Amino acid sequence: MHQVHPDAAADGSQSTEEAQRLNLAYSILKGKMDSEKEEMGHPASGTFREKKSSWNGPVNPQAYAEREIFHYAEDQEGNILGSFSVAKGKYLWTREEDFRLFLLSIYRCVRQLLEARRISAGKGERTEKSRFLEAELTYLLAQQFIDGTGLLRELAGGKTEEDGAEIFLLQAMAELTGAAVLPGPGQRLAPGRISRHRLYLKDETGREIGYLSFPDDRLYYVVIPMFEQRRVQVKIQAAAKQPHRKKADTATCSYGSGCLRKLPADSLKI
């Protein structure tokens, strides 16, 4: 303020605009600090209360642990400088939160839980086995903060209803493995086995051709757990016309459309 105040320039050439902006910023920050003091109370007065969170999202009170909500920090040119925490709690993921930062919050939560366990057990540094465990627990813990059915309604390409069950239309790919043959146009595919959170597919002859892949990474954490929990039925059909791909890629994946049927809550068929 000493540098930009109008009185700082002897000739009076200093603009008041920058000083007004600084005053506004100060009033906002001071108001926020005063508000936090009011919420927190004062420890000496015996009126100490938990600080209210700045994140207004749905919560899962039964979640195993709290997680942080992260936002990106950017410079004036829009370059990402890093991430910072804006809240902490048992918040479900919503589309307002960047999904990569959501996964980061789950991963850090898992790291903290396992680190505390290692310290209490008197164990040393992280091992390859512990890193695998971190990845597995990150996937599992993420399910406690994801409303699968609610997100399907937002992420799927379409939705209908039949016999009390919701039906969602999804675009997906078949990542071919080994010497698998590219499915023909319109060919029906069927779910085979689930391994390492991948749904493997079979063609009409029963041969395994590869696993289901999504263009939207968020669907891995929404759709695959529903198969693992036996909550859905699915119909998969290879697209009549494959999207144009480079020649080197034609043997790696096949596009198709899937019809995912969300079963009623009392049904466990797949």
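The values are calculated or read from the model by the stated rules, or taken from the named source; none is laboratory data. Not measured: the values here are computed from a predicted model. Don't worry about glycine lacking a Cβ; one is built from the backbone with ideal geometry, like all the others, and counts go over all protein chains shown. We work out accessible area using only protein heavy atoms, side chains counted, and drop any ligands, DNA or RNA first. Shrake-Rupley method; radii C 1.70, N 1.55, O 1.52, S 1.80 Å.
Is it the case that the range 144-164 has a residue that's in contact (Cβ under 8 Å) with a residue 60 or more places away in the chain, farther than 28 Å from residue 90 by Cβ, open to solvent by 50 Å² or more (accessible area, probe 1.4 Å) and not polar (S, T, N, Q)? Yes. Residue 133 passes every criterion in (1) open to solvent by 60 Å² or more (accessible area, probe 1.4 Å); (2) within 22 Å of residue 61 (Cβ to Cβ); (3) in contact with a helix residue (DSSP H, G or I) (Cβ under 9 Å, 6 or more places away or on another chain) apart from (2). Mind checking which pairs have a first residue in the range 181-207 that is at positive phi and a second that is polar (S, T, N, Q) and assigned to a strand (DSSP E or B), Cβ under 7 Å, 6 or more apart or different chains? Final answer for the pair search is 186/237. Candidates 116, 121: the one that is open to solvent by 40 Å² or more (accessible area, probe 1.4 Å) and more than 19 Å from residue 68 (Cβ to Cβ) is 121.
If I filter the range 234-249 for residues that are at pLDDT 90 or above, of a type in the set (Lys, Arg) and open to solvent by 40 Å² or more (accessible area, probe 1.4 Å), do I get at least one hit? No. Would you confirm whether any residue within the range 172-189 is of a type outside the set (Gly, Ala, Ser), within 19 Å of the chain's Cα centre (by Cα) and open to solvent by less than 70 Å² (accessible area, probe 1.4 Å)? No, there is no match, as no residue in the range 172-189 is of a type outside the set (Gly, Ala, Ser), within 19 Å of the chain's Cα centre (by Cα) and open to solvent by less than 70 Å² (accessible area, probe 1.4 Å). Residues in the range 216-223 include at least one that is under 29 Å from residue 141 (Cβ atoms), assigned to a helix (DSSP H, G or I) and among the hydrophobic types (A, V, I, L, M, F, W, C). The residues on offer are 120, 85, and the sole one that is polar (S, T, N, Q) and in contact with a strand residue (DSSP E or B) (Cβ under 9 Å, 6 or more places away or on another chain) is 85. Counting just the residues of the range 67-79 that are open to solvent by less than 90 Å² (accessible area, probe 1.4 Å) and either among the acidic types (Asp, Glu) or part of a strand (DSSP E or B) (or both), which one comes out modelled with the lowest pLDDT? Looking at the filtered set, the residue picked out is 75.
Looking across 108, 95, one residue alone is of a type outside the set (Gly, Ala, Ser), part of a loop (DSSP other than H, G, I, E, B), in contact (Cβ under 8 Å) with a residue 40 or more places away in the chain and open to solvent by 50 Å² or more (accessible area, probe 1.4 Å). It is 95.
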